[in-house]
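The values are calculated or read from the model by the stated rules, or taken from the named source; none is laboratory data. Bear in mind the structure is a predicted one, so any value in this text is a computation, not a measurement. Methodologically, a virtual Cβ is constructed for each residue, glycine included, from the backbone with ideal geometry; neighbour enumeration extends over all protein chains shown.
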Amino acid sequence: MLTIGRFLRSTASSYLKKPIESKRALTVIVKTEDGKIKGHALKNVDKDVEYFSLRGIPYAEPPINDLRFKDPIPKKKWTTNIRDTVDESNMSLQYEPLIGKVKGKEDCLYLDIATSEMHNCNKPVMVWFHGGAFKMSSNTPKIFGPDYLIKHNIVFVSINYRLGLMGFLNMDHEECCGNMGLKDQILALKWIQQNIQYFGGDSNNVTVFGQSAGGASIHALCLSSEAKGLFHKAIIQSGALTNPWAHIKSNKKWGYALANSFGHKCDTDLDVIKNLKKLPAKDLVKKYEDLCDNELAKVQLSLVPSQDAKSKNPILPGPIRELAEKGINVPLIIGYNSHEGIVRFLGDTSKMYDELDKNFNELLASHLRIDNCEKLTEFTEPIKRHYFGDDKITKVKFNEAAQFFGDLLFIMEVIGVAKIQQHKDVPTYLYKFSYRPDLPGVKEKFGIKIKGTCHGDELDFLFHAEARKKKISAGTRDRTTMERMTTMWTNFAKFGNPTPEKNELLNESWLPVTKKKLNCLNISDELTCSENNDLRTYEIWKPLLSLSQ
């Protein structure tokens, strides 16, 4: 029986074998610092750009056996074979709830490159970091196809990095000190610095961009001295390291819980690490899901970036909020979608309203990891009143609940980053994406009937998802929005300014924030730039956010 996965793989394989009606060679051999690799010619979904696709390029040694939980090691050179890069990069190990199984591989440190020209180009480089709560997803072109971005004469790179237990367990010991996934990202950026010239890219003009956990990763790299000089501009979409789900003070309890669940009674952190290294990786990932199988654990997240002072090369050596206060020192685009909190309705909401009504303080304290919730009333009452008034919170308040969760989980901390950037000397461009697409967005795919633009909805206007097959049709609202988004994002990569000049497509100048004004571009059917209209809400939240860990 042909499964969906096998069907997609077989379709992609047959597509790559089809001849392209062009004088361009069907394959290309690229000599990198590590060895030779073979790329394959493709056409983008609009059939108007040909490009070379190179998938599954290793940038590190497989992080398996004794290298589990360790810093990544650069890939050893190969001299005899030519690596064929037709297959997708291995995705990181992750639990797939829809099938109840673990998928992916522990050997996952690979990247993909798409480029239309390779010789004497010095094109801007855009490096994509996928989201997925630090525990799921990958760089797959089935979701993040470069078809629309490649039109703008850039080199596109997307990477896979360790997720979940393998990427972010921190046992507060140099043998497992956390942030391995962030260190993977840094090693990939080092590989790009050494090799991107062979693919037509300019190593002195690298823009990193990511969404959700990918955006929080970008934020972390911007704050880390270990990543300094490896990129020159950053785009953070719907995520910040300071979001309550994106960092944690400690998660070592999960290491002990896992070891204990397999019958290993450990007395020291090192004992835990040694025992976890002996166990099959897929069994560990599945067991962790079993141990934290409750709604709160899934929303809060535990296997995420943390302070890693025990590392020989720490990424985040100090408290996360203290690091964040220093700000970002490269040109920045940062923003959010208007109703991020719709994503909270993808799971079980049966207890949501009762919890909001009866345990509002406890809920906020739990999400923000504030130890003492008894003294929070003076901070939480204005927040509760802002969204729900003095009425009992029931399911008729679903729109208000969606806005509340969006602000709590995403928006307020993104605005907080922009506020810090008001005092920096580098340009920062803030946006709010409120466009409602005609194509099915996230909430339509899950049958959620709440007004607004959901977490992740902007991705359809930057990437073509191969699995969808259909392109965005010319002459539609969606097409205009796609052309605007890809043009502004690539303009920023090229010039450091998303709207260097006005034209029919970009008929509004996107102004950076200033010391006196938090300028914000609203991206809807029209582009409008004015002071951010969520500032009043941010001021209500600010006293409480200052108490969070």
Flag for ALA418 being of a type outside the set (Lys, Arg), surrounded by 16 or more Cβ atoms within 10 Å (Cβ to Cβ) and touching a Leu at 6+ places or on another chain (Cβ under 6 Å)
yes
Working only within the stretch 331-365, note down all residues that are within 14 Å of ASP407 (Cα to Cα) and of a type in the set (Phe, Trp, Tyr).
TYR336
Pairs where the first residue, in the stretch 332-344, is under 18 Å from ALA133 (Cα atoms) and the second is modelled with pLDDT of 95 or more and of a type in the set (Phe, Trp, Tyr), C-beta under 6 Å, 6+ apart
GLY335/TYR431; TYR336/PHE410; ASN337/PHE433; GLU340/PHE410; GLY341/PHE405; ARG344/PHE405
Give me the residue from the stretch 454-496 that is among the basic types (Lys, Arg) and part of a loop (DSSP other than H, G, I, E, B) and, out of that set, farthest from LEU439 (Cα to Cα).
LYS469
The residue that is surrounded by the most Cβ atoms within 10 Å (Cβ to Cβ), considering only those in the stretch 101-147 that are among the hydrophobic types (A, V, I, L, M, F, W, C) and assigned to a loop (DSSP other than H, G, I, E, B), is PHE134
Somewhere in the stretch 475-488, is a residue under 24 Å from GLY132 (Cβ atoms) and among the aliphatic types (A, V, I, L, M)?
yes
Determine whether the stretch 232-240 contains at least one residue that is at pLDDT 95 or above, over 14 Å from the mean Cα position of the chain (by Cα) and either crowded, with 18+ Cβ neighbours inside 10 Å or farther than 18 Å from TYR59 by Cα (or both).
yes
So which of SER509, SER530, SER473 ends up being touching a Ser or Thr at 6+ places or on another chain (Cβ under 6 Å), surrounded by fewer than 21 Cβ atoms within 10 Å (Cβ to Cβ) and small (Gly, Ala, Ser)?
SER509
Matching residues, the stretch 497-536, being in a loop (DSSP other than H, G, I, E, B) and among the acidic types (Asp, Glu):
GLU501, GLU504, GLU508, ASP525, GLU526, ASP534
Just one of PHE446, PHE463 is aromatic (Phe, Trp, Tyr) and either surrounded by 18 or more Cβ atoms within 10 Å (Cβ to Cβ) or without any contact (Cβ under 8 Å) to a residue 24 or more places away in the chain (or both); which is it?
PHE463
Per-region count, the stretch 537-549, residues outside any helix (DSSP H, G or I) and more than 24 Å from the chain's Cα centre (by Cα)
2
Might you let me know whether the stretch 433-447 holds any residue that is under 30 Å from LEU363 (Cα atoms) and aliphatic (A, V, I, L, M)?
yes
So in the stretch 56-100, with the set limited to residues that are among the acidic types (Asp, Glu) and either more than 30 Å from VAL28 (Cβ to Cβ) or modelled with pLDDT of 95 or more (or both), which one is nearest to the chain's Cα centre (by Cα)?
GLU96
Any helices (runs of 4 or more DSSP H) falling wholly within the stretch 227-329 and containing at least 2 residues that are under 30 Å from GLY347 (Cα atoms) and not β-branched (Val, Ile, Thr):
252-261, 281-291, 295-300
Screening GLY167, GLY214, GLY210 for residues that are touching a residue at least 12 places away in the same chain (Cβ under 8 Å), out of contact with any helix residue (DSSP H, G or I) (no Cβ under 9 Å at 6 or more places or on another chain) and surrounded by 24 or more Cβ atoms within 10 Å (Cβ to Cβ) leaves only GLY214
Using beta carbons and a limit of 6 Å, which pairs, at least six apart or on different chains, have the first residue in the stretch 386-412 and among the acidic types (Asp, Glu) and the second one buried (at least 16 other Cβ atoms within 10 Å of the Cβ)?
GLU400/TYR387; GLU400/PHE388
Scan the stretch 168-182 and tell me whether some residue there is on the phi > 0 side of the Ramachandran plot, over 11 Å from the mean Cα position of the chain (by Cα) and part of a helix (DSSP H, G or I).
no
